[in-house]
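One structure is given below, encoded as structure tokens.
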Amino acid sequence: MSQAEYLALPDPLIGRYLKGELAQAARRLSDEHLYLHHCVKMELSLLRALARRGLLEMSDVDRTEQDLLGKLSAEEIVEEENRVRHDLKAVVNVMARHSSEKVAPFIHLGATSYDILSNAHLLRLREGVVEVVLPRLKKVMGELVRLSQEHADTPCIGRTHGQYAEPTTFGYTCACFAERLGLTIEATEESLKHLRGKFSGAVGAYVALGLLFEDPRKIEEEILEEVGLLPHQTSTQITHPEPALAVLHHLTASFGVLANLADDFRHLQRSEIAEVAEAFDSANQVGSSAMPHKRNPITWENVKSLWKTFLPNIFTYYMDQISEHQRDLTNSASARFQPRILLGLAVAAERTGKGLEKLFVDKEAMRKRLDGLGQVISGPAQVLLSSVGYADAHERVRQLTLKEGSLYEHLESDPEVAPYWAKLTERQKEALKTPSGLTQPAARQARATAKKWQEWMKSQREVQCV
């Protein structure tokens, strides 16, 4: 794309954010060609079902399919739509124009527009999720699993309410994000299995096909099976919206995990924290037009900004649950914008994956900060003292945290604590000496979580290869 073309684009998603391989995927997913391809695919499935019932010859259908592949163009269909002002009738007219007299009368026979369009939307959604979004989310998963393993034993301070809390490890932090993202990916993949199509006529009651055949439900099943869909027991003029909504809901949940990760890592790159840093091209990259020293967390800020931009879109598809009686047209525009959620998430996932791949983790800064925070052993200390019978352990430890100096030394020397301190094991006392000594459970769980999701990703690859 030339600079002039870039500047002329009205949509920054296409011109600014979608680049390289993702730009090619986006063009396929968001333009009318793929959508119309699926419409034609559904019409051909209908023709084959009719041929199996003797209304026309299967060889004529096959020949028509080959002819259409060579002659049919989205441009011609759009031009026809401008003339007849009906999107699906335009598809039917152009298909008939390029079909033989033996086939043309049977195109769209017994169907209504949304026997075709509803399924086309579902097929485009499924293709976009499987081919564009999930591979990039799984790339993020791979990076999080790697970081969980590499930094399972990297101690750092945990923070709650923006305040220092208790010791953890950076690997465990990454493992938490890995599991959250993995669960949303699993939920997305499961929801894809429940997408359901329909081919049941203008009000979903098989009126037209029921006049032609005794088995309209069987025809519906055959047509949908060709494109990898199953029907619900019922429908209106459109498919039930909830299964597709579930897919979009789980994708939005994945987006939220990425936004949370981005927000946390952005804060960890703050000047006064500086525990992680994203890659920076010192030879060329500029952090600020006014302050040459700046190295901003642009990746993480971009990801959060993308989430803010696309999150509200999900509400549109919740509103699409309402379609009056057997159908109104209030979902027609929103359905065409559906790929934007997928593309926005794909961009965010791609940036997150690249950011994690080159993330600098300052292990020394993490350990130094943690071991300099003696008071963060207060929680574990009061638990240990309570476990040996000290009823007022919480209050006494709280009082000791208000004193200057080392909390550990105060615990060791305090007369009120002494009878209970003596009951603690040497291992327990040693663990309290330095906060980083309290992170072994987190380290073990980080490795266990990484192993679980690593095996899950391996099983995913094996399934794809079968």
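A short reminder: the numbers here are calculations on the coordinates, not readings from a lab. In this text the structure is predicted, and so the values were computed from the model without any measurement. Cβ atoms come from the backbone with ideal geometry, glycine included; neighbour counts cover every protein chain shown.
Please give the helix 298-310 orientation as an angle from the longest Cα principal axis of the chain, in degrees from 0 to 90, rounded to the nearest 10.
Approximately 50 degrees, to the nearest ten.
Expressed as an acute angle from 0 to 90° and rounded to the nearest 10, what is the orientation of the C-alpha long axis of helix 113-128 relative to the principal long axis of the chain?
Helix 113-128 and the main axis of the chain meet at about 40 degrees.
Starting from the 7 Å offset along Cα-to-Cβ, what nm value, one decimal, do you get for the label separation of GLU225 and GLU272?
My value for the distance between the label points is 6.7 nm.
Fully extended, how many nm does the chain gain between LEU55 and ALA165 (0.36 nm per residue separation, minus their Cα-Cα distance)?
Length difference between fully extended and current span is 32.2 nm.
Taking 0.36 nm per residue of separation and subtracting the Cα-Cα distance, what length does fully extending PHE315 through GLU364 add?
Going from the current span to full extension adds 13.2 nm.
Using a simple spin-label model with points 7 Å from Cα along the Cα→Cβ vector, what separation in nm is obtained for HIS98 and GLU76?
For the pair HIS98/GLU76, the computed spacing is 0.5 nm.
Given the pairs LYS139/LYS363; LYS304/LYS403; LYS358/LYS458; LYS19/LYS304; LYS363/LYS451, which span a C-alpha to C-alpha distance of over 29 angstrom in this model?
Where the Cα-Cα span goes over 29 Å, the pairs concerned are LYS304/LYS403.
Order these by the 10 Å Cβ neighbour count, fewest first: LYS138, LYS403.
Values: LYS138 19, LYS403 12.
Least crowded to most crowded, the residues run LYS403, LYS138.
How high is the relative contact order of the chain, in percent, counting Cα pairs under 8 Å that sit 6 or more residues apart?
Over the chain, the number comes to 18 percent.
For region 429-452 and region 202-257, what is the separation of their C-alpha centers, rounded to whole Å?
Spelled out, the Cα-based centre of one part sits 50 Å from the other.
Please work out the C-alpha center-to-center distance from region 81-108 to region 367-384 and express it in whole Å.
With region 81-108 and region 367-384 each reduced to a Cα centre, they are spaced 74 Å.
Could you tell me which label, among (1) 4, 16, 21, 19, 15, 11, 7, 4, 2, 0, 0; (2) 4, 19, 28, 26, 16, 5, 1, 0; (3) 4, 18, 26, 22, 16, 9, 4, 1, 0, 0, carries the value of P(r) over Cα pairs in 10 Å bins from 0, in percent calculated for this structure?
Label of the calculated value: (1).
With the cut-off at 1.5 for a/c, could you classify region 371-444 from its C-alpha gyration tensor as rounded, prolate or oblate?
Working: a/c = 1.73, a/b = 1.24, b/c = 1.39.
Judged from the Cα gyration tensor, region 371-444 comes out oblate (a/c at least 1.5, b/c at or above a/b).
Using the Karplus curve 6.51 cos²θ - 1.76 cosθ + 1.60 with θ = phi - 60°, what ³J(HN,Hα) values do you get for each residue of region 259-273, in whole Hz, with x for Gly and Pro?
Computed from phi, the couplings for region 259-273 are 5, 5, 4, 4, 5, 5, 5, 4, 5, 5, 8, 4, 3, 7, 10 Hz.
Starting from the Cα of GLN24, step 7 Å along the direction of its Cβ; do the same at GLU186; then give the gap between the two resulting points in nm.
Taking the two extended label points, one gets 3.4 nm.
If amide H atoms are built 1.01 Å from N in the plane of the peptide, which residues on other chains or at least 5 residues away come under 5 Å of the amide H of THR169?
Hits under the 5 Å cutoff: CYS156.
Which whole-Hz couplings ³J(HN,Hα) result when phi for each residue of region 23-38 is put into the Karplus expression 6.51 cos²θ - 1.76 cosθ + 1.60, θ = phi - 60°, listed in order with x for Gly and Pro?
After applying 6.51 cos²θ - 1.76 cosθ + 1.60, I find 5, 5, 4, 5, 4, 5, 6, 9, 7, 6, 4, 5, 4, 5, 4, 5 Hz.
Determine the relative contact order of region 29-109: mean sequence separation of Cα pairs under 8 Å and six or more apart, normalised by residue count, in whole percent.
Relative contact order here is 34 percent.
Fewest to most neighbouring Cβ within 10 Å: what's the order for HIS250, HIS86, HIS98? Before the final figure, lay out the partial values.
Details: HIS250 21, HIS86 13, HIS98 16.
Exposure proxy ranking, most exposed first: HIS86, HIS98, HIS250.
Cut-off is 10 Å between beta-carbons; in what order do CYS156, CYS39, CYS176 appear when sorted fewest neighbours first?
CYS176, CYS39, CYS156
So which trypsin sites (Lys or Arg not before Pro) in region 68-132 are both in a DSSP loop and have at most 15 other Cβ atoms within 10 Å of their Cβ?
ARG85, LYS102
Explain nothing, just the number: relative contact order of region 354-452, from Cα pairs under 8 Å at least 6 residues apart, as a whole percent.
29
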